[in-house]
Amino acid sequence: MNKIIFLIYMMSNGGLERHTVNLANELVEKGYSVDIVAVRGVSKTQFFDIKENVRLVSVSEKRKRIDIIDVSSLSKSVADESGDNGSAQNSGQQGKQSLKRKLTSSVLDFWHNSALLHRFSGRYKKIYRDYFIAENPDIIVAWGIDRYERAYKAAKGLNCKLINAEIVAHEDAIPESSNLYSYHCGMLKKASAIIVQTHSEKEYFKKINDNVLVINNPLKPGLPLPYKGERSKTIVNFCRMAPQKNISLLLDAFKLFHDDYPDYRLEIYGNTVEPKEIDYKKKMIEKISSTGLEDCVSILPPAAGIHEKVLGSAMFVSSSDFEGLSNSMLESMAIGLPCVCTDCLGGGTREVMTDHENGLIVPMNNAEAMYRAMKEFVENPELAQKCSENAVKIREKLSAKGIARQWLEVIESLERE
């Protein structure tokens, strides 16, 4: 039985985690043995249905140990485990926590970008190497450059293939301005394959490695059917509250829009995991207050059944600066929401969207253009309906089973080499 290991940041509630579980479930059906290895641990809550033959592995790098997780011991949930309720509290304790988060984040950013750390620190290598030797994988799939670096260092000399699967735009993954650029490129040249989400990203990475393949994100299984009634006067976004999402731009555009259409609301379902996301969310709540939008804009906690909640909304609007291939955009298209999205770095929008055919594409950092696009959908309901009907066709292209087949073809081709 061939062994596949997926190396992921952490196992909690997110699009990448769901994608990994879907792939693992499909692969075990084909007779593979599959481990999902979370380098930052496994949430105590299980969010996805993991098949019996898929092993969940939690890494504690500080304690230098690896544990096999009994999935049946995890509590089952369909909602995000974050207790964040979207409110901005100004207590002294909250301020202390915020300062601590900022200091911690700054130290971690410095440490993460330290060339000395990446070139000479092997303190975690042994736990991964011992695990790889014990499991003897045929292929290791590392999601993102940091996980790939761990696999690359630990698997040297072992008889296995390494795949680097990039999940964000290259400007975020390996920016050319970084002092680690040459170091990362040196490792990526030796990957058996690099998987990217868009053809724009392929053009970038093929300068580094000859075997670069495009596999789009799959859609979440079980999405509701498109809405067929009169739409509410609500504009929605659901995403991580990360600075790259540029929620500030969305607020600026909605401010202009609201001046013309005061009966519309904006609802943002924002997930927060990392300290910088919690801080960014607080800043956006403060901006809502300072611009007088409290009565018509809400930043809500992530919700179970989010797609049912937004199904009848007027439109979905994404203001991101860069994306690999946005899950929230794909899911909004699949349920028939008219979509306005920035032409963000990474090419994710143009990978699946054609302007005025299945959505509206606007330039990055242009609140006026985003406002005009939102207004166009309101004033031209026929266009909104056309984009909605065409967007739904994404369901055929990005089915979970179809994307899993593409991955299987890559894995089988590497095994034949």
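Observations on the model:
- Ordered by solvent-accessible area of protein heavy atoms (1.4 Å probe), largest first, the residues Asp49, Asp279, Asp210, Asp263 come out as Asp210, Asp49, Asp263, Asp279.
- Taking 16 Å as the straight-line reach from the Cα of Lys161, the aspartates and glutamates in range (excluding those fewer than 8 positions away in the same chain) are Asp35, Glu135, Asp138, Glu149, Asp210, Glu409, Glu412, Glu415, Glu417.
- Asp172, Asp146, reordered so the largest accessible area comes first (probe 1.4 Å): Asp172, Asp146
- Cross-link pairs beyond the 28 Å C-alpha cut-off, checked among Lys76/Lys386; Lys62/Lys202; Lys76/Lys202; Lys125/Lys189: Lys76/Lys386; Lys62/Lys202; Lys76/Lys202
- Amide H to amide H, with H built 1.01 Å from N, Ile69 comes under 5 Å of Leu56, Val57, Ser58, counting only residues 5 or more places away or on other chains.
- Looking at the stretch 143-199, the GluC sites (Glu not before Pro) that sit in a DSSP loop and have at most 10 other Cβ atoms within 10 Å of their own Cβ are Glu176.
- For Arg265, distant residues with modelled amide H under 5 Å away: Thr234, Ile235
- Taking amide hydrogens as placed 1.01 Å from N in the peptide plane, the amide H of Arg240 sits under 5 Å from those of Asn271, each at least 5 positions away in sequence or on another chain.
- Pairs from Lys206/Lys283; Lys276/Lys397; Lys287/Lys375; Lys44/Lys309; Lys3/Lys64; Lys30/Lys309 whose Cα-Cα separation, in the structure shown, is over 32 Å: Lys206/Lys283; Lys276/Lys397; Lys30/Lys309
- Glu417-Glu176 FRET efficiency (beta carbon distance; Förster radius 51 Å; 0.05 resolution): 0.95
- Euclidean distance of C-alpha centroids, the stretch 303-328 and the stretch 351-371, integer Å: 15 Å
- Loop-located trypsin sites (Lys or Arg not before Pro) in the stretch 1-67 (DSSP state not H, G, I, E or B) with no more than 10 neighbouring Cβ atoms inside 10 Å: Lys62, Arg63.
- The stretch 345-386: trypsin sites (Lys or Arg not before Pro) falling in loop per DSSP and having at most 11 other Cβ within 10 Å: none
- Gained length - Thr45 relative to Glu286, 0.36 nm times residue gap less alpha-carbon distance: 83.6 nm
- Cα-centre dipole for the chain with unit charges at Cβ (Lys and Arg positive, Asp and Glu negative), debye to 20: 1740 debye
- List Glu294, Glu61, ordered by accessible area with a 1.4 Å probe, largest first: Glu294, Glu61
- The average projected area of the stretch 264-417, computed from the convex hull of its Cα atoms over all directions, is 11.3 nm².
- With DNA, RNA and ligands ignored, accessible area of Lys207 (1.4 Å probe; Å², nearest 10): 140 Å²
The values are calculated or read from the model by the stated rules, or taken from the named source; none is laboratory data. None of these values were measured; they are calculated from a predicted model. Methodologically, a virtual Cβ is constructed for each residue, glycine included, from the backbone with ideal geometry; neighbour enumeration extends over all protein chains shown. Side chains included, ligands, DNA and RNA excluded: accessible areas come from the protein's heavy atoms. Shrake-Rupley method; radii C 1.70, N 1.55, O 1.52, S 1.80 Å.
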